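Since the structure comes first, as C-alpha cells, the remarks are kept for the end.
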Amino acid sequence: MIDEQMAVFIGSGLRLAVPIIFAATGEMLSERAGVLNLSLDGMMLMSAFTAALASWATGSPLIGVAAGVLVATAVAGAQAVLSVTLRANQLVVGIGFNILALGSTTFLYREIFGPLSRDPIPGFAQLNLPWLAHIPVIGSALANQTGLAYVSILMVVVTWLILKYTSFGLAVRAVGEDPRAADKAGISVARTRYLGVLYAGILAGLGGAFMSVADSNTFTENMTKGAGYLAITAVIFGGWNPWYTLAACLLFGFATALQFLVPALQLDVPVALLLLLPYLLALVAIAGFVGKSRQPSALTIPFERGG
Amino acid sequence: MVMKNPKLARVAQGARLEFVPLQVLVPVVATLIALGIGLLIIAATGASVLEAIEAFWDGMAGSDFNIGASINRAISLALVGLGFIFASRANLTNVGGEGQIAMGGMFATAAALHGAGGLPLGLAFIVPLAVGTVAGAVWGGLAGFLKAARGTNEVISTLLLSFIALPLVYWSVESFHLLRKPISDVSSLPESAEIPDTTKLPLLFPDNGSPLHIGLLIAAIAVVVVWLVLKHSTLGLRLRAVGLNTTASRRAGMRTSFYVILAMTVSGGLGGLGGAIMILGQQFYLTSDFSSGYGFDGLVVGLLSRGSAVGVVIGALLFGFLRSGSINMEISAHVPSAVVLICQGLIVIVIAGSAILTNRKVTR
C-alpha cells in the first residue's frame, strides 16, 4: 500500500517537475547570456494553450507541441527586442507579457472552447519502457512517462554540452559576465543574447506544451499557476549550473506532488500549506543558500556599444 | 541598431509636443493604443461593440452606486500604486502587491471579527485598518530585509511572497479554527463570517445609496503624504540616493540597509492598507480570492504613474473604472473581462519598451 503510494508520488513528482525542468534549463542559458525572462510563465501559458488548441484541431499532439513552441518562441522574440534592442527593464517587460498571456489565453479559451469545456485533447501516450519498469520502487514511476518527459532530461544534457563545449556557449558566458570585453573580442552581444532568449522561449514552449498535451490532456485557465516563476527560482537556486538547476526543479516537483501524497496517506495537514510549500522552499532557497556573487555579472543589465 | 538608439531618443524628444512632456505622452498613447486594440478584439468576437461599450459605461458610471463602487476600487489600487512608487524611489521594484493586499485583508478581517467590533470612537474600524497595514508592512518588509541582509532580488522575493500569501488566505477561510464562518443551516462556503457593522467603513454619502466610503479620505491623505515625502523631504532624497548608488550612499555614512527595509515596509504597508479597505469598505467578508488581480492592477497603476503621486491617482481612477466596466461588460454584453487584462499587458509592455525614449540618462 505505502509502496504503491510512493510510486504514484514519485511518478507525479517527476511529471510536475518536467515543465519546470524545460523552462529552467532554457532560462539558465538565457541568464548566463545576461537576460532574465520573467515572461517565462507567460511563454509557458501561451504554449500550453496553443498546443492544446492545435492538438485539438488537428488531432496530432506533435503538431500541438510544434505550434506551442512556435508561439512561445515568438513571445521570446518580442521579449528579446524589448530587453536587448530597446534596453527596456527586463523585469517589467516580463510582467507585462505575463499579464498579456493570462488575458489572451483566458479570452481565447472562453471564445473557442467555451467556459466549461471538458473536451479531451489528443495527447501523448505513456511509453511504459519495460527495461526501466524493473527497477524497484522508482521503476514504474520512471517508465510510465510520456516521451516528452525524457526529452526534458535530454535538453539538460544538450544545454550543458552547449555551454561547456561549443563556441556559442563560450560566447554566452562571455556576454553574461563582461559584455564590453566580449564585444571588443568580436562577439556580437546582441546576437548572442537574442539567441539565448529564443532558446529559453523554445524550451519554455516545450514545458508549456507538456502541461496541456502530455500531462493533463486539457487546458485550464492560468494552468501554469506560476510554474515559470518557480523555474526562474530554480535557476537561481541551482546557481546557474544545469545539473544543480535540474536538482532544484526535481525538488520543486516533489514539493508540489506532496499535496497529493499527504491526503492519500490520511495525514492531517491543511492542503493550503502544501500549496505554498514549493514557493516557501524557493524563497528559503534563494534567500538562504545563494550568495549574490555567483550570478552572471551582467544579468538584467542592458548593453550599449560605445561610450 | 544599438548605436542608433540615442539618436532615436533625441529625435523623439525634439518631436514631442510643446508643454506635453514625453513622460505624460507615452502612458496616454500606450493606454489609447491598448484600448483601441481591446475594442478591435471585442469587434472580432462578433459581439456588438456599441452594446459592449454601453455595458462598459453603465458598469463604470451608470449610476451613483456604480460611480461609488468604481471609486472604491480606485482607492485600493491607488494605495498599492503609491506603495509601488514609494519603493521604486529607492530603485526597488515591489511586484508583490497581491500578497500584501491579501495579508492586509486577512488580518483586517481577523481583527474585525475578533475584538475590534466593540471598540468606541471609530476605533472599531481604525484598529482593523491598522492591523491590516501592519500585516502588509511585515510582508513587504520581509522582502526588504532579505534584500538588505542576503541580496535577494526583491522582484523574485515579492512574487514568491505573493504565492505564499494566497494559500494562507485560502487556509484561513478553509479552516474552522481560523476565520471560516461556523457551519449554519444555510450554507458553509469557504469564507469568513460577515464583519460587524461597527467595523465597516462609514459611508461618505449614506443618503444617495452610493457605497463610497471614507477610504477616499484615507487614500487622499496617503497621496499627499507620499507626495510630500518623495518630493519634499530628506527621507525622499535619501531613498533616491540609496536607489541610485547604494555603495556611494553607504560610503557617505547612510545606513543603506535601513532605507531598503524601510522603503519595502512602507510599500507593503500601503498595499496592506489597500487590502484592509477592500474588506472593511466593500466586501465585508473574506474569500480566498478577494484580492484577485488587484495586485497586478496596482502594479500597472504604479508603472503608469512614472513615479508621480498625481499620476497614481489618475491611473487608479482609470483602472478602477475600467475594472467596474469590464465586470459589467462580461455580465451584460458577454464579453470576457480578460480583454481588459490584454489591454493592461499591452500598456505595461508599450510603456516599458518606450522607456528608451523617456530616459535621457542612458544606462550602461
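The values are calculated or read from the model by the stated rules, or taken from the named source; none is laboratory data. This is a predicted model, so every value here is computed, not measured. Note: ideal-geometry Cβ built from the backbone for every residue, glycine included; neighbour counts use all protein chains shown. Heads up: the accessible areas ignore ligands, DNA and RNA and are worked out on the full protein's heavy atoms, side chains in. Shrake-Rupley method; radii C 1.70, N 1.55, O 1.52, S 1.80 Å.
Which of the residues spanning segment A:172-199 are under 27 Å from A:F49 (Cβ atoms) and either in contact with a Ser or Thr (Cβ under 7 Å, 6 or more places away or on another chain) or surrounded by fewer than 18 Cβ atoms within 10 Å (Cβ to Cβ) (or both)?
A:G196, A:V197, A:L198, A:Y199
Looking only at segment B:296-334, which residues are of a type in the set (G, A, S) and under 18 Å from B:I351 (Cβ atoms)?
B:G298, B:G302, B:S305, B:G307, B:S308, B:A309, B:G311, B:G315, B:A316
Give the residues of segment B:123-138 that are more than 13 Å from B:I261 (Cβ to Cβ) and either within 11 Å of another protein chain (Cβ to nearest Cβ) or at pLDDT 85 or above (or both), sorted by residue number.
Across segment B:123-138, the qualifying residues are B:F125, B:I126, B:V127, B:P128, B:L129, B:A130, B:V131, B:G132, B:T133, B:V134, B:A135, B:G136.
Scan segment B:299-336 for residues that are closer than 25 Å to B:T158 by Cβ, touching a helix residue (DSSP H, G or I) at 6+ places or on another chain (Cβ under 6 Å) and not hydrophobic (A, V, I, L, M, F, W, C) and jot them down.
If the condition is that a residue be closer than 25 Å to B:T158 by Cβ, touching a helix residue (DSSP H, G or I) at 6+ places or on another chain (Cβ under 6 Å) and not hydrophobic (A, V, I, L, M, F, W, C), then B:G302, B:S305, B:R306, B:G307, B:G311, B:G315, B:G320, B:R323 are the ones that fit.
Hey, any hits in segment A:267-286 for a residue that's assigned to a helix (DSSP H, G or I), open to solvent by 50 Å² or more (accessible area, probe 1.4 Å) and not hydrophobic (A, V, I, L, M, F, W, C)?
Within segment A:267-286, not a single residue is assigned to a helix (DSSP H, G or I), open to solvent by 50 Å² or more (accessible area, probe 1.4 Å) and not hydrophobic (A, V, I, L, M, F, W, C).
Picking from B:I331, B:I314, which residue would you name as being free of Cβ contacts under 8 Å to residues at least 12 places away in the same chain and open to solvent by 50 Å² or more (accessible area, probe 1.4 Å)?
Matching residue, one of B:I331, B:I314: B:I314.
Specify the residue that is nearest to B:D297 (Cα to Cα); the eligible residues are those in segment B:84-105 that are touching a helix residue (DSSP H, G or I) at 6+ places or on another chain (Cβ under 6 Å) and small (G, A, S).
Only one residue tops the list, namely B:G97.
Okay, residues lined up against (1) free of Cβ contacts under 8 Å to residues at least 12 places away in the same chain; (2) of a type in the set (V, I, T):
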position	(1), (2)
B:S76	no, no
B:L79	no, no
B:I85	no, yes
B:A90	no, no
B:G96	no, no
B:A111	no, no
B:H114	yes, no
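Would you check which residues across segment B:146-162 are part of a helix (DSSP H, G or I), facing another protein chain (nearest Cβ under 9 Å) and within 22 Å of the chain's Cα centre (by Cα) and list them?
Hits for segment B:146-162 are B:V155, B:I156, B:S157, B:L159, B:L160, B:L161, B:S162.
Give me the residue from segment A:200-218 that is surrounded by fewer than 24 Cβ atoms within 10 Å (Cβ to Cβ) and not small (G, A, S) and, out of that set, nearest to A:G26 (Cα to Cα).
Top of the filtered list is A:I202.
Consider only pairs whose beta carbons are under 6 Å apart and that are at least six residues apart or on different chains; among these, list those whose first residue lies in segment B:335-356 and is within 7 Å of another protein chain (Cβ to nearest Cβ) and whose second residue is hydrophobic (A, V, I, L, M, F, W, C) and not in a helix (DSSP H, G or I).
Close Cβ pairs (under 6 Å, with a partner that is hydrophobic (A, V, I, L, M, F, W, C) and not in a helix (DSSP H, G or I)) amount to B:A352/A:A88; B:G353/A:L86; B:G353/A:A88; B:A355/A:A88; B:I356/A:L86.
With the checklist (1) surrounded by fewer than 22 Cβ atoms within 10 Å (Cβ to Cβ); (2) in a helix (DSSP H, G or I); (3) aliphatic (A, V, I, L, M) in hand, flag the one item B:A137 doesn't pass.
Every condition holds for B:A137 apart from (1).
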